[in-house]
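The values are calculated or read from the model by the stated rules, or taken from the named source; none is laboratory data. Keep in mind it's a predicted model, so treat the numbers as computed, not measured. All Cβ positions, even for glycine, are placed from backbone atoms using ideal geometry, and neighbour counts span all protein chains on display. The protein model used for the area step is the full one, side chains on, heavy atoms only, and it has no ligands, DNA or RNA in it. Shrake-Rupley method; radii C 1.70, N 1.55, O 1.52, S 1.80 Å.
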Amino acid sequence: MSRAAIRYAKAILDIAQTSGKADAVNNDMKSIVNAVSESADLKDFLTSPIIKIEVKKSALSEIFSNVQNETNSLFHLLFENKRFEILEAIAIQYNKLFDESNGIEVAKVTTAFPITAELETKVLAKIAEFSNKKITIQNIVDPAIIGGFILRVGDQQYNASVASKLSELKREFSN
């Protein structure tokens with residue numbers, strides 16, 4: 001994560017909190033992260049040194065036409081400073097800072113299949129045992145874990161995946 005992205009994110013968060021729109025801007029930032037991560041074309045477009053900066057600004061205004069004024073101010077600032085390539089990093093950093101300032105922690109749950117409501121309830125109950133923060137769950141689907149789940153909250157990880165159990169067995173048999 002670039003230092004510049006962190007500085008921009010902090011500045012936008014300060015402005016959004018002052019105007020009482022931090023939550024709405026957080027939603028804008030989530031949609032920017034989703035759009036850029038789901039579209040290789042958009043990512044290439046933003047990072048391309050060949051495409052004129054004016055074209056990038058007008059395209060972003062078109063794509064994200066219903067964002068908050070604070071988000072539009074960010075687009076304008078990135079236009080002025082010719083830094084559109086760090087837009088996704090800024091949005092990711094903003095989301096992190098927003099969560100931290102609101103006592104929200106993101107739990108990453110990796111499963112072989114999309115998480116069910118029942119499993120989500122169990123995971124939230126497990127997390128409540130060791131964390132008193134508000135938790136939001138981010139589900140990462142990775143068929144390579146075969147079954148079970150991997151839970152990561154902050155710097156703690158709990159691996160209850162079938163793939164991990166199999167590699168443990170493999171290590172035991174190879175000794």
Inset, instruction - Find the accessible area per residue for the stretch 94-150; the probe is 1.4 Å, ligands and nucleic acids are left out, and the unit is Å². - result: 60
Legend entry - Efficiency of FRET from Cβ geometry, Thr121 and Arg171, R₀ 41 Å, rounded to 0.05: 0.80
Inset, instruction - Compare Glu129, Glu85, Glu38 in a GNM of the chain, Cα atoms joined below 10 Å, and give the one with the largest fluctuation. - result: Glu129
Legend entry - Segment Lys52-Ile146, extension gain: residue separation times 0.36 nm, minus the distance between their alpha carbons: 29.3 nm
Inset, instruction - Under 19 Å Cα to Cα from Lys56, which aspartates and glutamates show up? Leave out anything in the same chain fewer than 8 places away. - result: Asp28, Glu38, Asp41, Asp44, Glu70, Glu80, Glu85, Glu88
Legend entry - Residue-averaged 222 nm ellipticity for the chain, from DSSP H runs of 4+ at -39500 (n - 2.57), nearest 500: -19000 deg cm²/dmol
Legend entry - Prolate/oblate/rounded call for the stretch 49-119, Cα gyration tensor, a/c under 1.5 rounded: prolate
Legend entry - Amide H partners (placed H, <5 Å) of Ile140, local residues excluded: Val109, Thr110, Thr111
Inset, instruction - Evaluate the charge dipole of the chain about its Cα centre and quote only its size in Debye, nearest 20, assuming +1 on the Cβ of each Lys and Arg and -1 on the Cβ of each Asp and Glu. - result: 340
Inset, instruction - Please report the relative contact order for the chain, taking Cα pairs under 8 Å with a sequence separation of at least 6, and give it as a percent rounded to a whole number. - result: 22
Inset, instruction - Just subtract the alpha-carbon distance of Lys30 and His76 from 0.36 nm times their residue separation and send over the number in nm, one decimal. - result: 14.7 nm
Inset, instruction - Name the residue, out of Lys165, Lys43, Lys134, whose mean-square fluctuation peaks in a Gaussian network model built on the chain with Cα pairs under 10 Å. - result: Lys165
Inset, instruction - Summarise the accessible area of the stretch 104-175 (1.4 Å probe, protein heavy atoms) by the percent that is carbon and sulfur. - result: 56
Inset, instruction - Enter the mean projected area of the convex hull around the alpha-carbon atoms of the chain, in nm², rounded to one decimal. - result: 13.2
